[in-house]
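> I'd like to ask you about the structure that follows.
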Amino acid sequence: MKTSALQRDPYNVIITGVGGQGNVMASRILGSMLVSKGYFVTIGETFGPSQRGGSVMSHLRISGESSWSPQIPAHRADLIASLEPAEAVRVMAQYGNPDVHILCNTRPIYPVPVIRGEEEYPSVEDIKISLKSLASHTFFIDATEEAQKLGNTIFANIILLGAIYGTHLLPLEREDFVEAISQRFRQDQIEINLTAFDRGCELLAR
Amino acid sequence: MSYLNDNQEGSVHLLMGNEAIVRGALEAGMRVAAGYPGTPSSEIIEAFSKVARERNIYAEWSTNEKVALEVSAAASFAGLRTMCVMKQNGVNVASDFLLHLASSGTRGGMVLVACDDPGALSSVNEGESRIFARLVEVPLLEPGDLQEAKDITKWAFELSEELRNLVMVRSVTRMSHASGNVTYGKLPNTEALADFKCDGPMFDPDRGPMISMIVGAADLQHGPQQEKIRKAARLFEECPFNTYRGPEKPELLIITSSACNLYSREAVRLLGAEDRVGILKLATTWPLPPKLIMKNLARTDKVLIVEEVLPVLEEQVKILAAEMAAEIGPTRFFGKNAGNIPSVGELNPDIVIEALSSILDIPYTNVSDSFDDAARELARKAAPNRGLTFCPGCPHRASLWSIHNALELDGRKGFVCGDIGCYVFGTLPSGFSTVKTLHSMGSGTGIASGFAKLGQFGMDQPVISLCGDSTFFHAAMPALANAVHQKSPLTMVILDNNGTAMTGFQPHPGSPNNVLGEEMPAVDIEAICRAMGALVEIQDPFDIEETQEAFHRLIEHDEGAKVLILRQACALSPERRHTKNFEVEIDEEICLGENCGCNRLCTRIFGCPGIVWDKEKGVSRIDELICVGCGVCADICPAGAIKKKEVA
């Protein structure tokens, strides 16, 4: 069994963001990478009725023993990877704990009440400081900006995956990613996604 | 080749619950699949379409769920294995035929997959499809994990053929949309030949006609149907998917099914109560196998039923416990009725932990109060509500904007009867709170047809109904026919965005293609409305001025039913997704911000996520990452500060 390579069993990952950021795709790729390594992976997706703009959350349970509930119990996340800063905060309140690792994209997507001027969106600096005070390990990356450099903001999800790999918290290898995207993307999309993945990993090494 | 079609027995794949159901059907040699899209069920028919050619499958998106069930039944009558797929609300739609089908019985294995949505995460109600299995007297199966989603589906076809009746498989959002390891079985290598044998005598199950019931002959058909249910209960006594895990004599027995099985297992483990609590996970939840239930009830006198939506399992177990009381003694029940499990909303491990922790008096903490307080306080400050709104560039926002403004201008307190689609947000501020009634598919126009006939009692408000293009075919056509025939002066607005958009662009009868991508004759909505006798106009909702003028013309015309077709593709549709018609920018010199007569009409009222209020500068600006360039906002700014430039 693979239990030894996991820091906890089950190891609980939450990938969060806003509808349209490619959250679900990221969780499926990460899940496939771990299944091909022989782990049991259970993924639960939470998304509201709107296809764009709502909070989206994928729960991944990684285990050497069995399948688990597709919903992680409150405050039991081990890694929170967020494509959007306010979503990291939202997930932290429900699933965080002092030992959690947080990996967070710093580009905000403003909620409609903020756009309307009814609610405030705090500065990303303030969010960083607060999350650092609550979590044992925090990593902040500008995945959206890096994705724009690659020509499309949608690559932010793959950059985030590369950064997850770069944390070395999960028993992953780069080859697993290559295999997982080969099954999902057209041949002409493989290289750009691989570049995005590597960029994410580099961002973390900085 | 799709990973769903991997022929290697024993290979392991990460499958979504809906894909696991598909794989189970493929392993059973299913040939015909029909359904109507609805979250969380939509991926099933789509997955069948991807392997249709390789596995010689016929798949279709039918006009509605009742038609889907009829299409599927035809395959069964002709001896093929077949699956029909819908969300819970669809079972309501299909239920008339369902009752008759359960009575006539089936031939080729037939499985109805009903996907419920506890907590109404993507629905306008929290319906319960399990009741239908009891109501129409067909067996009900519920997978307890993702592997079972495949294995039970495969078994359901065999069971259906053994009983010669439809078998219902009920999934929930957390099963259909969860993913997990699934170990594959073999794919069959069988030929399929459709042949409807109907030259035998009445009631001959192999060659007779397939008939629901002869009038006044309940005993001839209903009796044998009930014998099938009794046979199912006997078969379920030995069903390997009904499992017990826990000590021989636990202090408390949990009886559960579906995703609640996984929550229960997690809760028991987190409380460290493995030696005090046993879990009976049932896959066959109607009819319950009485001997199996008795054997397990006899383990203890305390039972907790863990299930979502209605207490269906709870009530069935209680009936059996009452019948068995002489043998097993009294049982104390915990569950929804006793208030241990909430009566509404979906469950999760924490809810089960709370119930167990209070029943067994086991303390449970996850984080310190100080951490919890700090994290909550941060979320209160730094995680503003996302709200519910239309996507950037959504034609519905523009359509509702025009309808709302035209009704205000008209001044006769006109209102809109809404329908089911993304435009349900018409009930909310994001849709300018324009929609005042909202029920089931097609009901907006039926209700409007009734409202518009109340003139004789003094009602003079203009009555508007909404429906989408897919909804038009699904259930709104009979309502429009009614309105035309009854000379009901409603104005029906058809928001034609070129597909069943909310669930992911499934084709409908108005589409030029089917689910397999083949060219099909598109049924013309405009021609239907005209043929019915309605007065019809067509506009592009992105042209605000023309749309509002057309709307005024129609609501002022009080002779019979009128139809306004607002035609513009969904912003996420394949044809619009990667194209920007306009570059939009805001001239900061012209934008009056809060001093504008409109008090920030664009950000405060119109509310497209592509326009952001820049508080520091006191002006609006375009978020170029979000804006999809529909250009509508340029036409709503009273100051003319929003500039659009056509993209070459």
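> Looking at this structure, is B:L572 crowded, with 19+ Cβ neighbours inside 10 Å, over 30 Å from A:R107 (Cβ atoms) and under 36 Å from the mean Cα position of the chain (by Cα)?
Here the answer is no, as B:L572 does not meet what is asked.
> Right, next: Is it fair to say B:E227 is farther than 21 Å from A:P73 by Cα, surrounded by fewer than 18 Cβ atoms within 10 Å (Cβ to Cβ) and not assigned by TED's automatic domain parsing to the domain that holds B:L101?
Criteria not met by B:E227.
> Of the residues that sit in the range A:108-144 and are more than 10 Å from every other protein chain (Cβ to nearest Cβ) and small (G, A, S), which one is nearest to A:P85 (Cα to Cα)?
Across the range A:108-144, the extreme among qualifying residues is A:A143.
> Take the range A:69-99 and flag every residue that is aliphatic (A, V, I, L, M), more than 7 Å from chain B (Cβ to nearest Cβ), buried (at least 24 other Cβ atoms within 10 Å of the Cβ) and not in a loop (DSSP other than H, G, I, E, B).
Scanning the range A:69-99 gives A:I80, A:A81, A:A88, A:V91.
> Related question: Please work out if A:T16 is out of contact with any His (no Cβ under 9 Å at 6 or more places or on another chain), hydroxyl-bearing (S, T, Y), within 30 Å of B:G421 (Cβ to Cβ) and more than 8 Å from every other protein chain (Cβ to nearest Cβ).
yes
Each row is one residue, and each column tells you yes or no for (1) farther than 22 Å from A:V112 by Cβ; (2) touching a residue at least 12 places away in the same chain (Cβ under 8 Å).
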{"site": "B:P363", "(1), (2)": "yes, no"}
{"site": "B:S370", "(1), (2)": "yes, no"}
{"site": "B:F415", "(1), (2)": "yes, yes"}
{"site": "B:C422", "(1), (2)": "no, yes"}
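> For the range B:397-413, check the following and say yes or no: at least one residue is in contact (Cβ under 8 Å) with a residue 12 or more places away in the chain, more than 29 Å from B:V93 (Cα to Cα) and of a type in the set (K, R).
The answer is yes, given that some residue of the range B:397-413 is in contact (Cβ under 8 Å) with a residue 12 or more places away in the chain, more than 29 Å from B:V93 (Cα to Cα) and of a type in the set (K, R).
> Got at least one residue in the range A:25-46 being buried (at least 23 other Cβ atoms within 10 Å of the Cβ), more than 10 Å from chain B (Cβ to nearest Cβ) and part of a strand (DSSP E or B)?
no
> Which is modelled with pLDDT under 90, of a type in the set (K, R) and under 19 Å from the mean Cα position of the chain (by Cα), of A:R184, A:R116, A:R174?
Result: A:R184 is the single residue among A:R184, A:R116, A:R174 that is modelled with pLDDT under 90, of a type in the set (K, R) and under 19 Å from the mean Cα position of the chain (by Cα).
> Determine whether the range B:552-575 contains at least one residue that is within 14 Å of chain A (Cβ to nearest Cβ) and among the charged types (D, E, K, R).
There is no residue in the range B:552-575 that is within 14 Å of chain A (Cβ to nearest Cβ) and among the charged types (D, E, K, R).
> Among the candidates A:T106, A:T138, A:T153, single out the residue that is modelled with pLDDT under 95, of a type in the set (S, T, Y) and closer than 27 Å to B:L378 by Cβ.
Unique residue meeting the criteria: A:T153.
> Out of all the residues in the range B:451-459, is one or more at pLDDT 95 or above and within 18 Å of the chain's Cα centre (by Cα)?
no
> What are the residues in the range B:612-648 that are surrounded by 15 or more Cβ atoms within 10 Å (Cβ to Cβ), in contact (Cβ under 8 Å) with a residue 24 or more places away in the chain and within 14 Å of chain A (Cβ to nearest Cβ), if any?
B:V619, B:S620, B:R621, B:I622, B:I626, B:C627, B:V628, B:C630, B:C633
> In the list B:S257, B:S212, B:S171, which residue meets the criterion of being among the polar types (S, T, N, Q) and under 30 Å from A:I29 (Cβ atoms)?
Just a single option satisfies the conditions, and that option is B:S171.
> Go through the range B:72-102 and report how many residues are part of a strand (DSSP E or B) and surrounded by fewer than 24 Cβ atoms within 10 Å (Cβ to Cβ).
Residues meeting the conditions: 0.
> While we're on this one: If a residue has to be more than 14 Å from chain A (Cβ to nearest Cβ) and in a loop (DSSP other than H, G, I, E, B) to count, how many in the range B:373-417 make the cut?
Of the residues in that region, 4 qualify.
> Scan the range B:16-39 and give yes if some residue there is modelled with pLDDT under 95 and β-branched (V, I, T), otherwise no.
Checked against the condition, which is being modelled with pLDDT under 95 and β-branched (V, I, T), the range B:16-39 yields at least one hit.
> Got at least one residue in the range B:364-372 being outside any helix (DSSP H, G or I), within 14 Å of chain A (Cβ to nearest Cβ) and exposed (fewer than 14 other Cβ atoms within 10 Å of the Cβ)?
Yes - at least one qualifying residue is present in the range B:364-372.
> Could you please give the count of residues in the range B:43-61 that are in a helix (DSSP H, G or I) and either touching a Pro at 6+ places or on another chain (Cβ under 6 Å) or among the hydroxyl-bearing types (S, T, Y) (or both)?
Final tally of qualifying residues: 1.
> Which residue out of A:N105, A:N152 is surrounded by fewer than 19 Cβ atoms within 10 Å (Cβ to Cβ) and within 13 Å of chain B (Cβ to nearest Cβ)?
That would be A:N152, the only listed residue that is surrounded by fewer than 19 Cβ atoms within 10 Å (Cβ to Cβ) and within 13 Å of chain B (Cβ to nearest Cβ).
> Of B:V12, B:V32, which residue is within 14 Å of chain A (Cβ to nearest Cβ) and in contact with a Ser or Thr (Cβ under 7 Å, 6 or more places away or on another chain)?
None of the other options fit; the residue is B:V12.
> Quick one: count up the residues across the range B:190-221 that are among the small types (G, A, S), at pLDDT 85 or above and over 19 Å from B:L163 (Cα atoms).
3
> Taking the conditions exactly as written (of a type outside the set (F, W, Y), part of a helix (DSSP H, G or I) and touching a residue at least 12 places away in the same chain (Cβ under 8 Å)), does B:S171 satisfy them or not?
no
> Looking at (1) within 30 Å of A:D78 (Cα to Cα); (2) outside any loop (DSSP other than H, G, I, E, B); (3) under 28 Å from the mean Cα position of the chain (by Cα); (4) aliphatic (A, V, I, L, M), can you tell me which one B:I359 breaks?
With (1) within 30 Å of A:D78 (Cα to Cα); (2) outside any loop (DSSP other than H, G, I, E, B); (3) under 28 Å from the mean Cα position of the chain (by Cα); (4) aliphatic (A, V, I, L, M) applied to B:I359, the lone miss is (3).
> Name, by its number, the condition in (1) within 9 Å of chain B (Cβ to nearest Cβ); (2) at pLDDT below 95; (3) more than 19 Å from B:E346 (Cα to Cα) that does not hold for A:E65.
(1) is the only condition that A:E65 fails.
> Looking at B:S433, is it polar (S, T, N, Q), surrounded by fewer than 20 Cβ atoms within 10 Å (Cβ to Cβ) and either under 21 Å from the mean Cα position of the chain (by Cα) or in a helix (DSSP H, G or I) (or both)?
no
The values are calculated or read from the model by the stated rules, or taken from the named source; none is laboratory data. Every value quoted in this text rests on a predicted model; they were computed, and no experiment measured them. Don't worry about glycine lacking a Cβ; one is built from the backbone with ideal geometry, like all the others, and counts go over all protein chains shown.
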